[in-house]
Every structure is written in C-alpha cells, then in structure tokens.
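See structure below.
The values are calculated or read from the model by the stated rules, or taken from the named source; none is laboratory data. Just so you know, these numbers come straight off a predicted model, no measurement behind them. Heads up, the Cβs are rebuilt from the backbone with ideal geometry, glycines too, and the neighbour counts pull from every protein chain shown. What goes into the accessible areas is simple: the full protein's heavy atoms, side chains included, and nothing from ligands, DNA or RNA. Shrake-Rupley method; radii C 1.70, N 1.55, O 1.52, S 1.80 Å.
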4 protein chains.
Amino acid sequence: MAMSNAPLGVGLIGTGYMGKCHALAWNAVRAVFGDVARPRLEMLCETSDAYASARAAEFGFARATGDWRTLVSDPAVDVVSITTPNQFHAEMATAALEAGKHVWCEKPMAPAFADALAMNAAAEGSGRVAILGYNYIQNPAFREIARLVSEGAIGTPFQIRAEMDEDFMADPDTPFFWKNAASSGYGALDDFAVHPLSLIQRLFGRVERVFCDMAMPYATRTDEAGGQRAVETHDMANMLMRLEGGVQASLQVNRCAWGRKGRIALQIFGSKGAILFDQERMNEVELYRAEGDARQQGFARVLTGPQHPPYDRFVPAPGHGLGFNDLKVVECRELLHAIAGEPATVISFAEGIELERTVHAAARSFESGRWVEVAAVGG
Amino acid sequence: MAMSNAPLGVGLIGTGYMGKCHALAWNAVRAVFGDVARPRLEMLCETSDAYASARAAEFGFARATGDWRTLVSDPAVDVVSITTPNQFHAEMATAALEAGKHVWCEKPMAPAFADALAMNAAAEGSGRVAILGYNYIQNPAFREIARLVSEGAIGTPFQIRAEMDEDFMADPDTPFFWKNAASSGYGALDDFAVHPLSLIQRLFGRVERVFCDMAMPYATRTDEAGGQRAVETHDMANMLMRLEGGVQASLQVNRCAWGRKGRIALQIFGSKGAILFDQERMNEVELYRAEGDARQQGFARVLTGPQHPPYDRFVPAPGHGLGFNDLKVVECRELLHAIAGEPATVISFAEGIELERTVHAAARSFESGRWVEVAAVGG
Amino acid sequence: MAMSNAPLGVGLIGTGYMGKCHALAWNAVRAVFGDVARPRLEMLCETSDAYASARAAEFGFARATGDWRTLVSDPAVDVVSITTPNQFHAEMATAALEAGKHVWCEKPMAPAFADALAMNAAAEGSGRVAILGYNYIQNPAFREIARLVSEGAIGTPFQIRAEMDEDFMADPDTPFFWKNAASSGYGALDDFAVHPLSLIQRLFGRVERVFCDMAMPYATRTDEAGGQRAVETHDMANMLMRLEGGVQASLQVNRCAWGRKGRIALQIFGSKGAILFDQERMNEVELYRAEGDARQQGFARVLTGPQHPPYDRFVPAPGHGLGFNDLKVVECRELLHAIAGEPATVISFAEGIELERTVHAAARSFESGRWVEVAAVGG
Amino acid sequence: MAMSNAPLGVGLIGTGYMGKCHALAWNAVRAVFGDVARPRLEMLCETSDAYASARAAEFGFARATGDWRTLVSDPAVDVVSITTPNQFHAEMATAALEAGKHVWCEKPMAPAFADALAMNAAAEGSGRVAILGYNYIQNPAFREIARLVSEGAIGTPFQIRAEMDEDFMADPDTPFFWKNAASSGYGALDDFAVHPLSLIQRLFGRVERVFCDMAMPYATRTDEAGGQRAVETHDMANMLMRLEGGVQASLQVNRCAWGRKGRIALQIFGSKGAILFDQERMNEVELYRAEGDARQQGFARVLTGPQHPPYDRFVPAPGHGLGFNDLKVVECRELLHAIAGEPATVISFAEGIELERTVHAAARSFESGRWVEVAAVGG
C-alpha cells in the first residue's frame, strides 16, 4: 500500500464540473503543499475512448478509457476519483473498493439510502480509505470557525442557523429538466442540504431529530414539446433540527433564490459570542465576542490569512483570497494524508451516511408533518 | 369629534421607552408633516402625581395625574396613548374606548388572548379609532418593499424568511427577571415575533398554519438570594409557516443572539427577483431584479430618500437617514389621518388580533409537535 | 442673561432644509434631553409676513414676521437660528449679536472670508454664544471615534482620509443653477469640504498646509433659453493636507458622485489600529485593534447604543438607530449648555474661521499648483 | 519559434511568494484553459543547486540549477519566469531576451529607471514577448469593469480614486528591515503604487501629471543591535493625478494601514453611473447606473460568474469565487497567447515603463512640492 511519500497512481472518472475540479487538484496538490508525493496521473475515464483521450491530454493523464471498469481494475491505479452523476456512485465506488483502490467520491453518495449503505459497507470491509467530496469543510475560514467553537471562543453554543441558496432554477421559463423529475431525488433537500449539514455535523455532531417543510415555487415547467409538465421535486426546503449536543438548529435551502449564487450562510450563537459566515465571501469570518469594553464590541470581519492554515500554503500574504478550486486541493491533500495513515480532515463514507440519513429523515417528516428521529431511518 | 384640521387633545399613559417615544412623536408630528393640526398635549399619567408632574413638564403636557382613570375620562382628552406594561393594556384600552376616546396602544395587545379579544370587541363597538404601535411598518424602506412586492417588481413571491434578534438576555450572568417568568408569556415568541409578523402580514396576508420549536439557552438564572432559579420562558423560537397567499414562510426570533442589537431581517424571494432588509440598517433596501444584462445583475443597495415617502417630510436630501424615533412620528400622523377618516397605514386592533392568534397557534404547535391551523385558535 | 434652567426665547430665520431642521430641534430638545428648559418659540421670520405666519403655525412659533431685523431686535428673543442662504449670514449674525442675542448659524459662515472674519469679530465682542451648525460632530458614533482616538485605542494616529460625496449635480442634463455660478463660491470645495474638515479638526487640530486640485465634470450646462452656459464652479476637489499634530490627511469631495447620497467617509490609521466611518451608515463605527490573537483580528462593526452618549437620550435599546435630524437636537442641547456656561461640544465662530481659512487656502493652492500654508491666509 | 499548440519549455528563476505562484500557474494553465499546450517544466533555478533540486521536485520541474545563467541559456527553455528580488530583474531579463527567450518578469521592473529602460530596450530588440506580472488586470471582475467603462455603462468617466493598503509594516515594533532602507526604493510608492496604476492605465491611459505627498509613520525602527535606526523610506504616499483622457485621479498607498490586508480599492465616477471595487472582495463589482426608476437605484453588488470570462474556465457555477493564485493562471495563459501571436491581455515591458515613469515623476513631485509632467521623466 502507498506510503506517505510514495507517489500514488490516480484514476479519474468523469470530467464535468467536479471532474475538472479533481483534475486540477491532482495537478496542484504536490506543488501547493510540498508535504505529499506528486501523484502519477494514470488514467482518465469518460463516456467514450475518444473523449477520454482528449480530456486526458488536457488534464495531464497518461492513459484514457471509455470503460470505467478498466480504470478501477488497472494495477497502476491506487486511488479513484468518482465524479459521475450520483446514480453511478454506488456501483463504481463499490467496484473500486473491491479492487483494492482508495476512493474519493463526490457527494451525495447515492439517491437511494440503501445504495449509500452498500457503499459504506464496501468501504468498511475494504481496508481502504473512502471519502466524500465535502470540500466546504476544507476552507481555512471554516476551520477557523471550528477552532473558535471548540476552543470556547463563543462559550457554549446553543443555536445554529444555516442557509444554502442559489438561483439556477429560479427562472420560471427554464424548461423541465432532470432535476425536476422525482428520479433525481427530493429536490433542494438532497441537492443542497448535505453541504451545510456537513458543516453542522463537523461542528456539533449528529442531528437527533428533524422537522421539514418543502415547497415548489413552480408547479409546472415547459417540456420539450412546448407543453407544461408537472414538476416533481421541491426547490425549497425549511428544516428545524435538534443536534446531539443539545444545539437548536435550522436549515433552509432554496435553488430558486434569485440573486444568491453560492450562498452557504451560517449564524452560530453561544453564551459568550457569535460567529457569522457566508460562502459567497468565503475568505471572511465574522466574530462577536462579549468581552471587554462594551463600547467597542461588534462583529469583527476577519479576513483569512497565513495564521489560518492551510491558507499559508497557497499565499503567504493575508487577505489575498483563496478560491473555490483551492478547497479541492486541500481536500486532495487531506485524502493523501488519510491514505498515508496520518491525521486528516475528511468526511468518510461512514460520516456521509449520517448526512444522508438526516436528509431521508427530513423527507419523512415532510410527509408526516411531525418530528422524525434521525436514528429511526433504517440502516 | 375631531376633524382633520382640528387639534386633538392628547392623553399619555406611561413614560418609559415607548412612552417617551410617543411623547416625542406628539411634539413633532405637526412640524414634521404640516398636514395635521398641532395636537394639544392635555394630560400625562404616571405612577404618582409627583412623577407625572415632572414628566409632564419634561414632555410638554399641560396637566398630570397619577390615576389613569382620571386621564381616560377627561373631557379635553380625545386620544389616549397607552404605553404601560402589556398586562395593563386591556383594561386601559377598554376604558378609554368606552369613554369615547381614540386609542393608540403599544403592542402586543395582552398576554392572554381572551383579553386581546376583549380589547378588539371594545374597539369594534366604540366607533373610535384603535390602533397598535407596530411602527416598523412605517419605515419608508418597508413601504418601498411593500410597493415593490405589490407592483410585481419581484414577480410572484413564493418565500419569505424573517428573523428578529437582540442580545439583551444573552449574558448567562444576567439575573432572573420578569421576562424569565411564565407570567410574562412564552418568551421571545410573544416578545419579538409579533414585530416581524406585522411585516409579513402587511406584505402577504394572514398566516394559515404554523409549526414552532422553542428552546432555552439557559435553564436557570441567579435569583436575588444568590441561588439558581429555573427559567420559565424560551428565549429562542423557530417557526415555519404557510401564508394565505401560498407563500412559504419562516421566522426565527432570539433574544440571546450576541451581537444582534435591533435586527429584523427579511429575505423575500419571487419569480423575478428578491428583496433583502435589515432593521439595523433601516435606511436601506436591497433589490435584485432578474432582468437585463446578466453580467450586471446583483443586489442593489437602495438608500432611502425623498422618492420614498414620507422620508421627504423629514429630510429633503437622500441617504441622510431616518432614525427609530422617526418611525413613531409617521405612525402618529397615520393615526391622525385615520381619526380624520382619511386613508391611513395603521395596524388596527382587528389586525393585531390576527398577529396574536398566530403567536398562540405557534405555542400550541410547540406543545404538540405538529402543524397548527391558526384559524383554529379560538376567538 | 439666560440661566441653564430658565427658558430661552427663540427666533428662527428661514424655514428651508435647515430651517425646518432647527425648528424640529427646538420643539424636541427639552423632551429628548430633560436637562434643559423648554425653549419659548417666540418668532419666525420668512420672506413675507404671510408665509412667515403659515410656517410659524406649522412649527409652533408664537409670532411671525417678514422682516428679520424685527426678529433680531425683539426683546423676547434670546437666541437666533440663522438658516438663510450663506450670503445673508454675516449681516444677520452681526446684527443679532449686536442686539445681544446668542446665535446659532448654519455653515459655512460666508462666501467671502472677510465677512466670516467680521462675523467672528462681532461674536468676540458680544459676550454672547455664537456657534455654527456643524451637526456631524454631534453623532454619538463620531463622539465615540473622538473618544477612541483621544484615549489611544488606535495608538498614535498618523493618517486620515476623508471623503464627502453626493450626486445631486451628477446628471449632465440638470440645467445651470446658482451653484454653477462663481458667485456661489468655489464649488464642492466650500459646499462640502467644511463638513469633513469639521470632523478632522475636532480630532486632530488645525490644518497646517494644503494642496488642492479641482475639476469640472461638465464644462457647460443648459441655460433657461435652451443654450449652453459655461459652468463656473468645480464639482470635484481633491485635497492633500498636513495637520498641526503631524498627521497626514487627504480629503476628496464630489457632488457629481453617482450613487453617493450622503457619504462622509473617514479612514483613520494609527500605530495600534484603525477606525472607519461612513455617514450613510451613521450608526456604525468600524474599529480594528492590533492586539490579542492574530487569528481573530478584524474590523469590528460597532453599532451605536446607550453606551455611546447621548444615544441613550433618544432610545434606550442599542442598534435601533438615530437619524439625521436627531443630530440637530443634540446640537441644540449643546448650544443651550454653552449658553448656560456649561461645558459643551460646539463649533464656535472662532473655530469655524479656521475651517474656512483652510478652504480659502485650498483655493489658492489650486491656483498656484503649490502647497499653501493655511496660516498665510489673512485675517 | 513556439506555435500556439506546441509545448513551450519553461525555466523558473526564484521560488518565493511569486515564484511558487508562477510554478502553480505553469502546472495548471493547460488543465484550466484547455486551449494551450501543456508547457514542459524544463528547469528551475534557486540560490543553490541543492535547494533548486528540492524545489524542482516539489514544483514538477525536470532539471535544477543554482546558476541562473545556465537556465537562461538552456536550449530547451523557451520562456523564463523571473521572480527574484527587483534588483536582479534587469540583468536576468536582458540576458534571457538576448538568449532568445520569452520573458515573464515580476513587477516592478527595476529600482532604477535607467535599468527599466534598458530592459525595455532589450525586449524591443529581441522579437520576443516580454511581459510583467501585473496579475490584478486578469481578474474577471476587473475585466468586467473595463468592459463596463469602455462600453459606456457609466457614461463618460471623469474621476477615479484608487487606494492600496496593507498592514505588514504597521507594527512599530517590527525591526528595521530592507524595505526601510533607501536602497529598496521610495517606499510604498514603488512597492505598491504600480499595482493600482496598472489598473488605472488599463482603463484610462497614461498619467499626464502627478502631485505627490509622502510620509513616514515611524521615524526609526529597532536595529539588530537593539538601538534605533532611522527609517529611510516612506510607508505612505498620497498622489493626485490627471490622466491623458482628462480624468481626474487620486491614488493613496499605505503599508502601515492596520486592518487592511490586500486592499486595492477603486471608485470610478462617470456621467451615467459609478463603479466600486475592492480586491479584498475580488469576486465582486459594485455598479450604479443612473437610469430607470429612481426609487430602485442603488449600487448593485455583482458577483462574478461564468458570464464574466474567463471565470468560466475555473468554475461553471457563479458566485463560487476565484482566488488570488487563479489570477496568475490567467496571466500565464495570456502570455502563451501572446507568444503564439494571438490577441492577449498583458502588460508589456513598454507599458510597464510608463507605470514606472509615473512613480518616478511622483517622487520628483514630492521633492519639489509641485505638479510634475510624467513625460518629463527622461527615457
């Protein structure tokens, strides 16, 4: 098995939004961090041999294939990036793990909870590292928030409010597409909620119970024939929660929120202060501490800098700003540390299961109009 | 009865936070607006004759009394400002209305819903004007929001998120006081929620159903003897709602929210745009319109100015800023218009009943863990 | 002469933007502060007897006149508010002072420096209080800034940047009007610069030398006949300065700054921190202190509250916000304290002379293209 | 000579802040953009062979050397990244150009203007591409600003205000170091000013004349022996300028500005609107347009997205944010386009000369206390 300083062979499946993001991370991780071996970019898989070859040249991979099974069974491949649509995750991840590969899979795990459970079972039996692409936990700003919370900077936390909003489905004239079909899942609930839930879970532990209301801004959308087709998923969901540590939580997600582009907002209140964050200004943390001269108290807008690791690995000067893609580079390095058996900040398949369990509990709550205990969702 | 241009005699009961605010409004309303007669400041009531006299001199009232019944029955008094603690509202308002006076009563109406209903019954039978002090609806910024919504600037609205937060109870070392006792009501739910509910109701109509979760940051507080006394009210409440127009709504209130001083935040999403507001920056409205060149779309921070009436009555230059007390001056003028039989922007006792009905429905929901239909709350 | 607790008789000349603002302040000052006697609103002067009478009724003044000399010589008048256009200030203020009245005159003092000097000479010889309406120094937020600076919260200050911008002349289609004529003064330099200079001088003392560049966005504007008339004043001015305490300063003023409505922005840098302020958000101060844990340092957005006097006299709750007109109420109270011989925060005619001297020095600098020593401007 | 699709051999001199930034860009440019050939990372030069080898391994370069002359004369090297301290730029760039290499040199060009001129002469005679690392012009947000200005979105521009501030020298206890010595240049003037000047020049053309004031916050700093040593450079500079298109400009730079980390702020005013920008929030542009309903006008906070190229090459979703290092990747791609003879957004040595000429003109102005015509600075 790969050691910390031995180069790993990488296989990448998929080159869309997240696939490119993985490719950039694999290219950059050694130069950015210095403390990991430069990975060998062994093989790239796309929907055809030809397209795979073109993308392999673009992303610097040595070989290409149109058959993902070829990739996951290739002896030179040690770790597999899975960035395909969600419905393929379970089969690919399971096969890769069974072939003895480490797996870096994009989230969420799978539309069906049973498939997610199967993925986790495969991971647990494999002895390999299997993590999910929850990159927002890698932001130096979020890591600082986690530090502040855990070190008591805001005292005992008692409430968190989270929101995740974008507007790519806000236009009523956008035609019906696959995210409007029930086959894609519940809607914003699984599309978005797992992201802020990953942050909440990192800070405060598991969700104990959840109440959920979902809504559809638009009942129908235009289909290809020019008619109206009924929308089957909910673009908006409001959730109330209680966490295992006793914290009261709420989460609101909306993919029809005009003007919001990449908002993941947190408000955390504790007995000695409060913390605010918004992913649209991902290099800032706002901190209020109820101490000292009352005339000078206010939310301090902290710009991240080298004092907030691993910002320093990217830029030595503070306030210059990391970008979204940089988060994936951090995640890639954490993966390499995990593979090397070192301490690492990752969300394993096991932790991912809890996020998805919460989502399914929320969906059940919406049906029943009652609180649902998350642990009651089987598996 | 008083006509639009005939001076009204004013009686003021109470000179605390809101009492002073009423006094300032009565002193200023004629000079600010010009279109109403200068009120005669007839009589002021406080807890003793001596204190009443001192405050009358300070606030420019001609006479003083330590007995509110003397005030409400005085023939020179046409309209009564009631600014005492909530538990006195019902008796005073009812007596004033029965004595043929108009009433301007601070909110909320009464701790017990039955008392609120009695107040409203008194108002309906009186033929007099009876309004509540929901001054936030008087902000030119909020009026602009109402105009934008009603004129379709953001298309069909489908979601509103509201928050109201302060931190005056955030310190765990603050001793037990009356707001911690069950006799004061539910906690933040009735202390705060009626304010943002007044805004929501103005924009979108009544709340149809509500789900509510409440929490206590601190289970006990220090009592006078230095021991610990159990807290009986909830400083935090999260509500999910559906409104009569079909809008999905949420409301979060917290009086232990460190760093928040006078936050009343709104996020309104519609099919063509979105609107943001925060009372801590009460002279600003943020508007996003999904039209024109996509490269130039963003939330526009609109500073209120003379183009947003009645800002122009206070300052002729834009962006110079109104203050909290100015809202009460507007409210006072609206009251005078209502008394004169002219169109006015006020929240009547009847409208206030609906706000309080929602609060009580929320409390029932918290007990039952289920949605509660607001109309099911009797009265 | 009037004592602290003896009511003063007030005469008001002018009822435009500032005249109304004075009237509101005279109406409110007693009720807001409690620690001053309620002024008697004796006489109001406007451009005709009839108009004066109408405005007197509106603003609560007992008598009215179309002749300002009648007002300044009225024996019941103790203090005169002068809110007429600048060219009348000198004559009116001098006459009032010579008649033994206290004077509250709007700024700037006079278009010609010689007239300003004459006003000051009249004040000095009178034994009366003579102050100017620089209300921005009365903002609790600014007072907090002054406290922070003087108490060393940001260490030794070494630089200040100030800006004042509005957009009421930004539209090129606005016809030629009196502010475009040379008879009105230099342009933005005297129209705006005295305001931020009043803040700078309060914080750091006199300006020692100044360099100035001025510019005209529009060379001509449409005249009444539909032709083009050459603009004679400069709507934009950039100034560099050195202050008597050694602080390096800059000031930029622009009345064609689209989007700016009431901006007066300050940035103050010192050896231990920095302070930011913008009048468009007049209830906020941003403070950066270079101390403690570097991971938590950032500009703290401090919302003013009762801990920032005299905010507490307006509202007992923090973060609720004062408005522009409230600043004039504070100024009025300070005037009353000054008249009573008590310590007061005011800008006297003598201090105003220094502000105007700086403006004239800047104009000379623009002509010569060199630094000008402010003290070299005669008088 | 290299063609657009032919891989170029890269030599990198220096691996500090900017050296690493170049290395990351060379590693990423092909994968991010797809439209350029993957560069061959041929040789890296550092201060010793051993260190060079270690860094070469880290950054993925094939060979290493401790002698930069070896690198610039290597036949496999087509383009040289020069990221050493400024005093080495001239010699290295000239040698590389004379050896027939393209050059990508960090800014500013050289402490002495004569050296900068020599560099430019070498470039002009070489037939090779020679550009400077002014990466802030590569920000999609800035490119959008340039588009808005050039397409008339704010009408005719008439004023720009620029500021660049950091705080890495703000602490008076920081010991004397090389940036405090006169040998390093003027201070903030050459350290910072060229950056915002590159933006100003891109938007509005050359600076015609300049006035400058400089100041030292701290006259001395602690030297190694524990004594006090006189500071020889100015950490603060304020400049007033006139641009060739008639625009009035100002620029303020400060490297002792507590709280500022990477601020490069722009305010641009024109006849129909205004634009604001701050590098600390590098993914946002604020745009005010004076058109349409006055009640809805305000600064729109535009988050960059795929509609602002080349943002789309990094992330397909809007509002997710680019980081500082991404700007260098864009710059690298522009360089490759320039080398291929395609249109490119770069700052050539010739354009860089004009930036440095302005800086030297400013220094002369500070000495003379007068406006200095930039063209009068020889060369």
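Find which of A:257, A:294, A:276 sits farthest along the positive direction of the dipole of the range A:254-302, computed with +1 on the beta-carbon of Lys and Arg, -1 on that of Asp and Glu, about the Cα centre.
About the Cα centre, the residue reaching furthest to the positive side is A:257.
Between rounded, prolate and oblate, where does the protein assembly as shown land on the alpha carbon gyration tensor, with a ≥ b ≥ c its root eigenvalues, rounded for a/c under 1.5, else prolate if a/b exceeds b/c? Could you put the intermediate results ahead of the total?
Details: a/c = 2.16, a/b = 1.24, b/c = 1.74.
Oblate is the answer for the protein assembly as shown, as a/c is 1.5 or above yet b/c matches or exceeds a/b.
Taking the Cα centre of chain D as origin, work out the dipole magnitude from +1 charges on Lys and Arg Cβ and -1 charges on Asp and Glu Cβ, in debye rounded to 20. Present the calculation step by step, with values, prior to reporting the outcome.
Details: 35 positive and 46 negative charges, 137 e Å.
So the magnitude is around 660 debye.
Please get the size of the charge dipole for the protein assembly as shown, origin at its Cα centre, with Cβ charges of +1 on Lys and Arg and -1 on Asp and Glu, quoted in debye to the nearest 20.
That gives a dipole near 0 debye.
So the label point sits 7 Å from Cα along the Cα-to-Cβ vector; using that for residue D:307, what distances do you get to the other copies, in nanometres, sorted shortest first?
2.2, 3.9, 4.3
How many Å² of accessible area per residue for the range D:293-379, probe 1.4 Å? Before the final figure, lay out the partial values.
Numbers: 2590 Å² over 87 residues.
Result: 30 Å² per residue.
Would you pull out the residues with amide H under 5 Å of residue D:8's amide H, same chain only if 5 or more places away, H placed 1.01 Å from N?
D:40
For residue A:50 and residue D:150, FRET efficiency with R0 = 30 Å and r from the beta-carbon atoms, rounded to 0.05?
On the way: r = 41 Å, r/R0 = 1.36.
The value I calculate is 0.15.
Report the extension gain between residue D:312 and residue D:225 in nm, rounded to one decimal, defined as 0.36 nm multiplied by the number of residues separating them, less their alpha carbon distance. Each step should come with its number before you reach the end.
Values: separation 87, 0.36 × 87 = 31.32 nm, distance 5.36 nm.
Length difference between fully extended and current span is 26.0 nm.
Within the range C:9-135, what whole-number % of the accessible surface is contributed by carbon and sulfur, with the 1.4 Å probe and all protein chains included in the calculation? Before the final figure, lay out the partial values.
Numbers: 2120 of 4000 Å².
Carbon and sulfur together cover 53 percent of it.
With unit charges on the beta carbons (Lys and Arg positive, Asp and Glu negative) and the dipole taken about the Cα centre of chain A, which residue among A:303, A:104, A:240 sits farthest to the positive side?
Ranked along the dipole, the leading option is A:303.
Per residue in the range D:157-198, which ones lose no less than 50 Å² of accessible surface when going from chain alone to all protein chains (1.4 Å probe)?
Buried on complex formation: D:158, D:161.
Any idea which of B:285, B:327, B:197 is furthest toward the positive side of the dipole for chain B, if Lys and Arg beta-carbons carry +1 and Asp and Glu beta-carbons -1?
B:285
Give me the summed buried accessible area for the A-C pair, 1.4 Å probe, to the nearest 100 Å².
Summing both sides, the interface buries roughly 1400 Å².
Please report, for residue D:205, the nm distances (one decimal) from its label point, 7 Å out from Cα along the beta-carbon direction, to the equivalent points in the remaining copies, shortest first.
4.5, 6.1, 6.8
Under a point spin-label approximation (7 Å from Cα along Cα-to-Cβ), what is the residue B:168-residue C:348 distance to one decimal in nm?
Spacing of the two 7 Å Cα→Cβ label points: 4.1 nm.
Accessible area of the range C:228-379 with a 1.4 Å probe: how many percent of it is carbon plus sulfur? Numbers along the way, then the final one.
On the way: 1910 of 4130 Å².
Result for the range C:228-379: 46 percent of the exposed heavy-atom area is carbon or sulfur.
Could you sort D:209-215, B:107-113 so that the peptide with the highest average Cβ count within 10 Å comes first and the rest follow in order?
Values: D:209-215: 24.4, B:107-113: 20.6.
Per-residue mean Cβ counts within 10 Å order the peptides as D:209-215, B:107-113.
Within chain C, count lysine pairs with alpha carbon atoms under 27 angstrom apart where the residues are 8 or more positions apart or belong to different chains.
Value for chain C: 12.
So, taking all protein chains as they sit and a 1.4 Å probe, how much accessible area belongs to residue B:70, in Å² rounded to tens?
Around 60 Å² of this residue is reachable by solvent.
Would you work out the charge dipole size for the range B:9-135 about its Cα centre, treating the Cβ of every Lys and Arg as +1 and the Cβ of every Asp and Glu as -1, and quote it to the nearest 20 debye? The partial results should precede the final answer.
Values: 10 positive and 13 negative charges, 67 e Å.
About 320 debye.
When only DSSP loop residues count, what GluC sites (Glu not before Pro) in the range B:230-336 have their Cβ near at most 14 other Cβ atoms within 10 Å? Show your work: numbers first, answer last.
Numbers: sites: B:232, B:244, B:280, B:284, B:286, B:291, B:331, B:334; in loops: B:232, B:244, B:291.
The qualifying sites are B:244, B:291.
Kindly report the accessible area of the range D:8-90 per residue (heavy atoms of protein chains, probe 1.4 Å, no ligands, DNA or RNA), in Å². Intermediate values should be presented prior to the final figure.
Details: 2650 Å² over 83 residues.
Heavy-atom SASA per residue in the range D:8-90 reads 32 Å².
For chain C, what does the alpha-carbon gyration tensor say about shape, rounded, prolate or oblate, given a ≥ b ≥ c as the root eigenvalues, a/c under 1.5 as rounded, and a/b over b/c as prolate?
On the way: a/c = 1.59, a/b = 1.14, b/c = 1.40.
Here chain C falls in the oblate category.
Taking a label point 7 Å out from Cα toward Cβ, give me the nm distances from residue C:370 to the same spot in the other copies, shortest first, one decimal.
Relative to the other copies, residue C:370 has label-point distances of 0.9, 9.0, 9.0 nm.
How charged is the neighbourhood of residue B:18? Take every other residue with its Cβ under 10 Å from the Cβ of residue B:18, and add Lys/Arg as +1 and Asp/Glu as -1. If you can, show how the numbers build up before the last one.
Numbers: positive: B:20, B:107, B:328; negative: B:106.
Once positives and negatives cancel, what remains is +2.
With n ≥ 4 as the cut-off for DSSP H runs, can you work out [θ] at 222 nm for the protein assembly as shown, using -39500 (n - 2.57) per run divided by the number of residues, rounded to the nearest 500?
-10000 deg cm²/dmol
What whole-number distance in Å separates the alpha-carbon centres of the range B:198-213 and the range D:180-204?
So the two Cα centres are separated by 57 Å.
Modelling each spin label as a point 7 Å along the Cα-to-Cβ direction, I'd like the residue C:182/residue B:291 distance in nm, to one decimal.
Roughly 4.8 nm, to one decimal.
Taking accessible area as the heavy-atom solvent-accessible surface of the protein chains with a 1.4 Å probe, which residues of the range B:276-312 lose no less than 40 Å² upon going from the isolated chain to the full protein assembly?
The answer is B:280, B:281, B:288, B:295, B:296, B:299, B:301, B:302, B:303, B:307.
Restricting to Cα pairs below 8 Å that are 6+ residues apart, what does the relative contact order work out to for chain A? Please round to a whole percent. If you can, show how the numbers build up before the last one.
Details: 841 pairs, mean separation 70.2, N = 379.
Across chain A, relative contact order equals 19 percent.
For C:161, B:333, give me the order by solvent-accessible area with a 1.4 Å probe, most accessible first, ignoring ligands, DNA and RNA.
On the way: C:161 5, B:333 40 Å².
Result of the area sort, largest leading: B:333, C:161.
Keeping all protein chains in position, work out how much accessible area residue A:337 exposes to a 1.4 Å probe, and write it in Å² to the nearest 10.
Counting only protein heavy atoms, the figure is 30 Å².
Looking for one value pair here: nearest-to-axis residue in chain C (by Cβ) for the rotation onto B, and the distance in whole angstrom.
Smallest Cβ distance to the axis, with its residue: C:323, 2.
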